[in-house]
Structures are given as structure tokens and as C-alpha cells.
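Participant: Could you have a look at this structure, given as C-alpha cells, before my questions?
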Amino acid sequence: MAYKVFIDGKEGTTGLKIMERFAGRNDIEILPISEELRKDPAERQRLINESDYTFLCLPDAASVESAALCTNDHTVIIDASTAHRTNPAWAYGFPELDKSFREKIMSSNRIATPGCYASGTVAILYPLVKAGIMPRDYPVVVHAVSGYSGAGKKAIAQYEAEGRDPSLDSPRLYALTQAHKHLPEMKIIPGLEYEPVFNPYVCDYFQGMTVTVGLHSRLLSKKVTAANVQEMFAEHYDGCRFVHVAPLMGEGVLPEAFIPANTLAGTNDMQLFVYGNDDRIMVTTRFDNLGKGASGAAVQCLNIRMGIDEATGL
């Protein structure tokens with residue numbers, strides 16, 4: 001049996017990557033939309049309601065509009081936008097966080113996949129809060145770097161243009177007003193009382209991301225060492241197919257004492273590293289902003305909802 005799948009917004013980076021991950025699958029039938037009708041509400045409504053699964057790879061307002069076009073009880077909507085991620089009626093598409101997240105993905109017809117930066121952030125914060133190590137009012141600061149592919153078509157064109165602005169040669173800090181669209185889920189999904197301070201950089205490489213949270217042990221809810229924190233993460237993510245916790249940073253964990261951000265490009269994997277010392281414990285996630293941070297997560301959620309091996313196509 002082939003499931004009918006419609007991708008609303010297949011021309012964008014996430015939509016194109018989802019299409020790539022469907023290559024060679026015989027259990028998926030893509031419902032095409034003609035170029036002249038791709039923004040036509042009536043045609044999109046027809047395809048959404050004809051599909052078994054619809055992916056929304058759209059800006060927030062357009063995703064809300066498309067979700068409302070679904071008028072049946074069987075179509076599963078998987079939304080890659082920010083629009084529904086903090087809506088409790090929607091499943092949050094990060095199955096490794098907790099068995100309750102996976103169970104809701106398995107049973108829900110409305111699934112919102114995490115943002116790229118949020119994926120790396122909640123992967124760190126959710127276990128810390130759940131384990132009672134981080135208090136809910138902890139003053140979280142998140143530092144992150146991303147390849148420019150996450151910034152959209154316009155930014156990709158800027159970075160890849162001949163004679164581009166020399167400022168694009170260096171990392172560029174942005175979201176300067178502390179109003180980044182991923183902040184609500186960074187707060188709500190882990191159960192924090194306040195939004196983190198968030199410092200993201202877009203950098204001159206195409207694909208890949210690291211997200212880092214530093215912990216002052218004196219401000220934590222209980223006394224822990226860096227080794228205790230690494231052991232907690234290893235237990236929390238034990239058995240996960242795509243989230244892997246490295247041993248406590250030391251000899252042999254990395255080939256050099258650096259954590260490059262692009263080494264998982266093209267995969268759906270996420271690595272988590274604990275390092276620093278017992279006073280200032282550092283935690284970093286590394287993953288592909290277009291993989292586990294976008295299209296890979298969406299396809300993984302599709303597979304889980306279909307009841308097949310979650311790694312199919314990944």
C-alpha cells in the first residue's frame with residue numbers, strides 16, 4: 001500500500017529535503033501540484049483532503065491557513081513551521097524527549113516538528129529539568145551556530161553570490177532583540193518559567209549546527225558533577241536511534257579539542273557532549289539543521305505515525 005503524501009511548500013529548503021528523503025520509497029505516492037496552482041486555496045484544499053499525510057513547509061501564517069483547509073478526520077498534518085509547536089492540541093515532534101512525546105506522535109493527526117535551534121536546546125534542557133537538576137527559573141543562556149542553509153532561499157542566494165558583501169565571510173550574530181521565533185518552544189517544552197537568553201550566529205558554511213548551554217553548578221537544584229550530568233543524559237537517551245550521548249569529554253572523545261558544527265550534515269543524527277569542569281558544566285548538541293533540525297525530524301515523525309521503522313529513508 002502506498003500512502004498519499006502532499007507537500008505544501010515543496011519549493012522551500014525543507015520541502016526539497018523531504019522529497020530527497022522519499023527517493024526510492026515505494027510506500028509513498030507524492031500528490032503533485034502544478035506550478036500555477038501552488039498558491040490556489042481550492043487546489044491545496046483538494047490535495048490536503050485527498051492525502052493521507054500532508055507536510056506544511058510554509059511560513060507561519062500560511063501554515064495556519066493550510067491546516068484549516070483540512071476538513072476530514074483521516075489526513076495527518078505534519079507542520080514544519082513555528083505556528084503550532086506550543087499548541088497542546090498538537091504533538092511535538094521530538095520522540096526522543098520522553099515516551100509521552102513518542103506516544104502522542106503515534107496517535108495524533110496533528111504533529112508540529114521542532115525548530116532547528118529549538119531541537120538542540122530542548123534536547124539539553126528537557127532532561128535537566130525532568131531530572132530535577134535544573135530549576136525551572138534557571139537563567140538559561142543558549143549559544144548557537146548554524147550554516148546559512150537554515151536562513152532561507154534569500155540568504156542562501158546572498159551567501160553564494162559572486163562579489164558578495166565581505167561581512168558574510170565571518171560569523172554573524174543576529175536575533176538581537178531577543179525575540180527569535182524559536183524562543184517560545186525553548187521555554188514551554190522543557191517547562192522553564194522564563195525564556196532563555198538566545199545568541200544565534202549564522203556562519204559561512206552550508207549545513208550543520210551546534211547549540212550550547214552552560215551550567216553554573218552553584219545555581220542548580222542539587223549538587224552534581226560534570227560526570228553526573230553526562231550519566232543522566234546517557235541514561236535519558238539510552239536506546240535512542242538518532243540521539244547519541246558521548247562519553248564525558250576526555251582523551252579520545254574527539255580527534256581534536258574542537259566541536260565543529262558541520263560533521264553531521266546529511267544525517268538525522270544528533271550528538272550530545274558534556275565537558276567543562278564541576279563548577280561550569282558545558283553541554284553541546286551537534287546535528288544537521290536540515291536533518292534532525294528540519295526535514296529529517298519531519299520524515300521520522302511520518303514513519304512513527306505510519307507505524308514503520310522510524311529510520312526509513314533516513
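Participant: Taking residue 157 as meeting all but one of (1) among the small types (Gly, Ala, Ser); (2) surrounded by 20 or more Cβ atoms within 10 Å (Cβ to Cβ); (3) part of a helix (DSSP H, G or I), write down the number of the exception.
Facilitator: (2)
Participant: Right, residue 194: hydroxyl-bearing (Ser, Thr, Tyr), in contact with a Leu (Cβ under 7 Å, 6 or more places away or on another chain), at negative phi and in a loop (DSSP other than H, G, I, E, B) or not?
Facilitator: Considered against the rule, which asks whether it is hydroxyl-bearing (Ser, Thr, Tyr), in contact with a Leu (Cβ under 7 Å, 6 or more places away or on another chain), at negative phi and in a loop (DSSP other than H, G, I, E, B), residue 194 comes out as no.
Participant: Let me ask something else. Out of (1) farther than 15 Å from residue 233 by Cα; (2) assigned to a helix (DSSP H, G or I); (3) within 17 Å of the chain's Cα centre (by Cα), the odd one out for residue 145 is which?
Facilitator: The number of the failed condition is (2).
Participant: Moving to a separate point now. From the list 167, 221, 149, exactly one residue is in the same structural domain as residue 122 (by TED's automatic domain parsing), of a type in the set (Ser, Thr, Tyr) and over 22 Å from residue 260 (Cα atoms). Which is it?
Facilitator: Testing whether each residue is in the same structural domain as residue 122 (by TED's automatic domain parsing), of a type in the set (Ser, Thr, Tyr) and over 22 Å from residue 260 (Cα atoms) leaves just 221.
Participant: Moving to a separate point now. For segment 106-123, enumerate the residues that are part of a helix (DSSP H, G or I) and crowded, with 24+ Cβ neighbours inside 10 Å. Can you show your working first?
Facilitator: Just the residues of segment 106-123 that are part of a helix (DSSP H, G or I), to begin with: 106-107, 116-123.
Once the filter is applied, which keeps residues that are part of a helix (DSSP H, G or I) and crowded, with 24+ Cβ neighbours inside 10 Å, segment 106-123 yields 116, 117, 118, 119, 120, 121, 122, 123.
Participant: Under 8 Å by Cβ, and 6 or more places apart or on different chains, what pairs join a residue from segment 173-187 that is without any contact (Cβ under 8 Å) to a residue 12 or more places away in the chain with one that is surrounded by 21 or more Cβ atoms within 10 Å (Cβ to Cβ) and of a type outside the set (Val, Ile, Thr)?
Facilitator: As it stands, the answer is 187/196, since those pairs meet every condition given.
Participant: Could you list, in sequence order, the residues of segment 259-290 that are crowded, with 19+ Cβ neighbours inside 10 Å, in contact (Cβ under 8 Å) with a residue 60 or more places away in the chain and not in a loop (DSSP other than H, G, I, E, B)?
Facilitator: 270, 272, 281, 283, 284, 285, 286, 287
Participant: Is it true that residue 40 is more than 19 Å from the chain's Cα centre (by Cα), closer than 30 Å to residue 244 by Cα and not small (Gly, Ala, Ser)?
Facilitator: For residue 40, the condition - more than 19 Å from the chain's Cα centre (by Cα), closer than 30 Å to residue 244 by Cα and not small (Gly, Ala, Ser) - is not met.
Participant: Just the residues that are touching a residue at least 12 places away in the same chain (Cβ under 8 Å) and touching a helix residue (DSSP H, G or I) at 6+ places or on another chain (Cβ under 9 Å), please, taken from segment 148-171.
Facilitator: 148, 149, 150, 151, 152, 153, 155, 156, 159, 168, listed by residue number.
Participant: Also, I was wondering about something else. Of everything in segment 31-46, what is surrounded by 15 or more Cβ atoms within 10 Å (Cβ to Cβ) and over 22 Å from residue 82 (Cα atoms)? Give them in sequence order.
Facilitator: Listed by number, the residues that qualify are 31, 33, 46.
Participant: Counting just the residues of segment 1-51 that are small (Gly, Ala, Ser), outside any helix (DSSP H, G or I) and under 21 Å from residue 154 (Cβ atoms), which one comes out modelled with the highest pLDDT?
Facilitator: If we take residues in segment 1-51 being small (Gly, Ala, Ser), outside any helix (DSSP H, G or I) and under 21 Å from residue 154 (Cβ atoms), then 9 is modelled with the highest pLDDT.
The values are calculated or read from the model by the stated rules, or taken from the named source; none is laboratory data. What you see is a predicted model, and the numbers here were worked out from it, not measured in a lab. Neighbour counts are summed over all protein chains in view; Cβ atoms, including those assigned to glycine, are modelled from backbone coordinates with ideal geometry.
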